1. Tally up the residues in the stretch 84-104 that are under 12 Å from the mean Cα position of the chain (by Cα) and either modelled with pLDDT under 95 or aromatic (F, W, Y) (or both), please.
2. Considering the stretch 35-67 alone, what residues qualify as being among the charged types (D, E, K, R), touching a residue at least 40 places away in the same chain (Cβ under 8 Å) and in contact with a strand residue (DSSP E or B) (Cβ under 9 Å, 6 or more places away or on another chain)?
3. Output the number of residues of the stretch 79-111 satisfying the condition of being farther than 19 Å from V40 by Cα, buried (at least 17 other Cβ atoms within 10 Å of the Cβ) and among the hydrophobic types (A, V, I, L, M, F, W, C).
4. Just to be sure I understand, how many residues within the stretch 4-34 are acidic (D, E) and free of Cβ contacts under 8 Å to residues at least 12 places away in the same chain?
5. If you take the residues of the stretch 54-67 that are of a type outside the set (S, T, Y) and open to solvent by 50 Å² or more (accessible area, probe 1.4 Å), which of them is farthest from V15 (Cα to Cα)?
6. Could you look through the stretch 68-77, keep only residues that are surrounded by fewer than 18 Cβ atoms within 10 Å (Cβ to Cβ) and more than 14 Å from T4 (Cβ to Cβ), and pick out the one that is modelled with the highest pLDDT?
7. Is it the case that the stretch 15-35 has a residue that's surrounded by 12 or more Cβ atoms within 10 Å (Cβ to Cβ), at pLDDT 90 or above, of a type outside the set (V, I, T) and not in a strand (DSSP E or B)?
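The values are calculated or read from the model by the stated rules, or taken from the named source; none is laboratory data. Predicted, not measured: the structure shown is a model, and the values here were computed from it. Cβ placement follows ideal geometry from the backbone for every residue including glycine, while neighbour counts extend to all protein chains displayed. The accessibility values were calculated without ligands, DNA or RNA, using every heavy atom of the protein model including side chains. Shrake-Rupley method; radii C 1.70, N 1.55, O 1.52, S 1.80 Å.
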Amino acid sequence: MNITILGDIMLGRGVSKYVKHHGLLDLLKDISNLTKNSFVIANLESIFLNEEDLGKTKLGTPKYFAGELKKAKIYALSIANNHVLDYGKIGLLSTIESLEQHQIKYFGAGL
């Protein structure tokens, strides 16, 4: 079993626009050899929000981006960082819901 640990995955700001048009796999293509046969763990430096809440915080990203992380074979994410509460409890719960919906493990924060 191989484990690959990445640093921050930030999907907000200008990255959000790129992922909407090209997908996360395109963004991660340069490291695909490192992650190909691994359990990939990283730090999620964004929060997943409903469409109506986007734009109320710089690092909010659409909830469906969790599916992009799943396609990229991200196995688990740390959500223990300085941005997990950028949109308060709503942002935290929305992020957890999105990760659970896409069967991505998370650690470091919760209810």
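1. Summing the residues that are under 12 Å from the mean Cα position of the chain (by Cα) and either modelled with pLDDT under 95 or aromatic (F, W, Y) (or both) in the stretch 84-104 gives 1.
2. Hit for the stretch 35-67 is D53, nothing else.
3. The qualifying residues number 2.
4. The qualifying residues number 2.
5. K56
6. Checked the stretch 68-77; the qualifying residue modelled with the highest pLDDT is K70.
7. Within the stretch 15-35, not a single residue is surrounded by 12 or more Cβ atoms within 10 Å (Cβ to Cβ), at pLDDT 90 or above, of a type outside the set (V, I, T) and not in a strand (DSSP E or B).
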